[in-house]
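Let me begin by presenting the structure, written as structure tokens, before commenting on it.
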Amino acid sequence: MNFDYNEEQQLLADSVRRFLAKDYDFETRRKIVASDEGSSAKVWATFAQMGLTGLPFPADYGGFGGGAIDLMGVMEAFGESLVIEPYLPTLMAGQIVARSPLASAILPAVVEGRTKLAFAHSEKGSRYDLSAVRTSARKAGDEWALEGEKSGVIGAPMADKLVVSARMDEGIGLFLTERSEVKSYRTMDGMRAGDIIFRGTKAQALGGGLPLIEEVTDFATALICAEAVGAMKFACDTTLEYLKTRKQFGAPIGSFQALQHRMVDMYIAYEQARSMACLACSKVDSDPKERARSVSAAKIKIADNARHISQESVQLHGGMGMSEELKVSHTFRRLTVLAAQFGDADHHLARFASL
């Protein structure tokens, strides 16, 4: 397998990295995290100008028709800079809308950066079971009425519209609604999430069902694998730089063989993770069984190596590795969340075995 990007993919990834290095440094990110909104409208507008918000959507709606491989470089760059804007939630919900009769009415605004979306699927006690949906939908004239509650919806506080999974008499369906009551909070890695209550909320049917939810979740899982790879790269690079400059007993601590071995193990884990992320992104358009096997195999390795690299980077920095002022501590938190998002290693190991 060729793990190198083509010229267009590399140019896009490089342009994203240049923007983030210039206008989204660590201190800028800390201010955005601490703001009331929890994201930057200016940064989102720049993403739209760069074509990122339209990258995975069909050209019929103003997008570029890209796939997970085209997004991989972007997600790696986001992982390195710990981007907190609701990019992935918008892509997930947009992928569902793109397969619905409402695509032409909604997606152009998403591509242009005027509309943010979020996918409201997870519920209390559902863990990683995608079929555990208790929110209900009943017919109300030409529309549907939603009743129930969704929990831990990433990007919900900033979303203009929500894609919601709900149970009908014939099974699980997908619906589009305006954002309703949201209890907003900050997650441990600085993202914004919310719990949403639906009380007869009006919604429009999108079609689809559990198979589409599984497909979109696998797509998103492959992308967070790529994001984790970017975060791992930063953790490895900044830890190596620290070992070269921190002195103890009159010598850089990087000259100590025991620490060199640990550093080498971190880079080996990073390269393994990158290979598996490439596999996942290249297989998300395959048949459902092959897609599920590849994505779960990648997530197992990503989750294990994210834990190893994040913990080692903090250990090798010493006590300062957990301080708020050092970016590596925030990278540790982000990798911890990514390791569990859309299923931890145990969940995907069981899923892989069942397939």
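The values are calculated or read from the model by the stated rules, or taken from the named source; none is laboratory data. Remember, it's a predicted structure, so these values are computed and weren't measured experimentally. Cβ: placed from backbone, ideal geometry, glycine included. Neighbour counts: every protein chain shown. In case anyone asks, the SASA skips ligands and DNA or RNA and just uses the protein heavy atoms, side chains included. Shrake-Rupley method; radii C 1.70, N 1.55, O 1.52, S 1.80 Å.
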Checklist outcome for this item: Quick calc, the chain, dipole around Cα centre from Cβ unit charges on Lys, Arg (+) and Asp, Glu (-), nearest 20 debye, gives 720 debye
Next on the checklist: I need the phi-derived Karplus couplings for region 40-45: 6.51 cos²θ - 1.76 cosθ + 1.60, θ = phi - 60°, integer Hz, Gly and Pro marked x.
Outcome noted: 10, 5, 5, 5, 4, 4
Item to check | Scattering curve values for region 198-355, log₁₀ I(q)/I(0), Debye with Cα scatterers, q = 0.10, 0.13, 0.16 Å⁻¹ | outcome: -0.44, -0.66, -0.86
Checklist entry - Nearest 10 degrees, 0 to 90: what angle lies between the long axis of helix 87-97 and the longest principal axis of the chain (Cα atoms)? => result 30 degrees
Checklist entry - For region 132-271, with every protein chain kept in place, what is the accessible area per residue (1.4 Å probe, Å²)? => result 44 Å²
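Assigning unit charges at the beta carbon (Lys, Arg +1; Asp, Glu -1) and nothing else, what dipole magnitude in debye, to the nearest 20, does region 266-355 show about its Cα centre?
The dipole of region 266-355 has a size of about 220 debye.
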Checklist outcome for this item: the chain: relative contact order from alpha carbon pairs under 8 Å, six or more residues apart, as a whole percent, is 15 percent
Checklist outcome for this item: Quick calc, region 1-132, dipole around Cα centre from Cβ unit charges on Lys, Arg (+) and Asp, Glu (-), nearest 20 debye, gives 420 debye
Checklist entry - Rg and Dmax of the chain, Cα atoms, in Å? => result 20.5, 78
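With N denoting the number of residues in region 27-94, provide Rg(C-alpha) divided by 2.2 N^0.38 Å, to two decimal places.
1.16
Count the DSSP beta bridges whose two residues both fall in the chain, then state the antiparallel fraction as a percent rounded to the nearest 5.
85 percent
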Checklist entry - Total Lys pairs in region 235-315 closer than 22 Å by alpha-carbon, pairs eight or more apart in sequence or interchain only? => result 4
Item to check | Positive-pole candidate from LEU12, VAL328, MET276, dipole of the chain, charges at beta carbon | outcome: VAL328
Checklist entry - Using a Gaussian network model of the chain with C-alpha springs under 10 Å, which one of THR239, THR28, THR187 is most mobile by mean-square fluctuation? => result THR28
Item to check | Nearest 10 degrees, 0 to 90: helix 257-283 Cα axis against the chain principal axis | outcome: 30 degrees
Checklist entry - Across 10 Å bins from 0, what is the distribution of all Cα-Cα pair distances for region 119-188, in whole percents? => result 20, 53, 24, 3, 0
Next on the checklist: Sorting check: for 147-153, 244-250, 115-121, which peptide has the highest mean count of neighbouring beta carbons within 10 Å, and how do the rest follow?
Outcome noted: 115-121, 147-153, 244-250
Checklist outcome for this item: Per GNM of the chain with C-alpha springs under 10 angstrom, the most fluctuating residue out of PHE219, PHE19, PHE256 is PHE256
Item to check | Gaussian network model of the chain, Cα within-10 Å springs - most flexible of GLU123, GLU170, GLU271 | outcome: GLU170
Checklist entry - So how do 62-69, 78-85, 134-141 stack up, highest first, on mean other-Cβ count within 10 Å? => result 78-85, 62-69, 134-141
Item to check | Furthest towards positive pole of dipole, ILE302, ALA193, ALA166, structure part the chain, Cβ charges | outcome: ALA193
Item to check | Rg(Cα) / (2.2 N^0.38 Å) computed for region 183-269, rounded to two decimals | outcome: 1.86
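Could you order the peptides 223-229, 126-132 from most to least packed, using the average number of other C-beta atoms within 10 Å per residue?
Ranking, from highest mean packing down: 223-229, 126-132.
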Checklist entry - What angle, in degrees between 0 and 90 and rounded to the nearest 10, separates the Cα long axis of helix 7-23 from the longest principal axis of the Cα atoms of the chain? => result 80 degrees
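Report, in listed order, any pair from LYS22/LYS116; LYS124/LYS202; LYS161/LYS183 with a Cα-Cα distance greater than 19 Å.
Correct reply: LYS22/LYS116; LYS124/LYS202.
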Next on the checklist: Sequence gap at least 6, Cα distance under 8 Å: using those rules, report the relative contact order of region 209-345 to the nearest whole percent.
Outcome noted: 31 percent
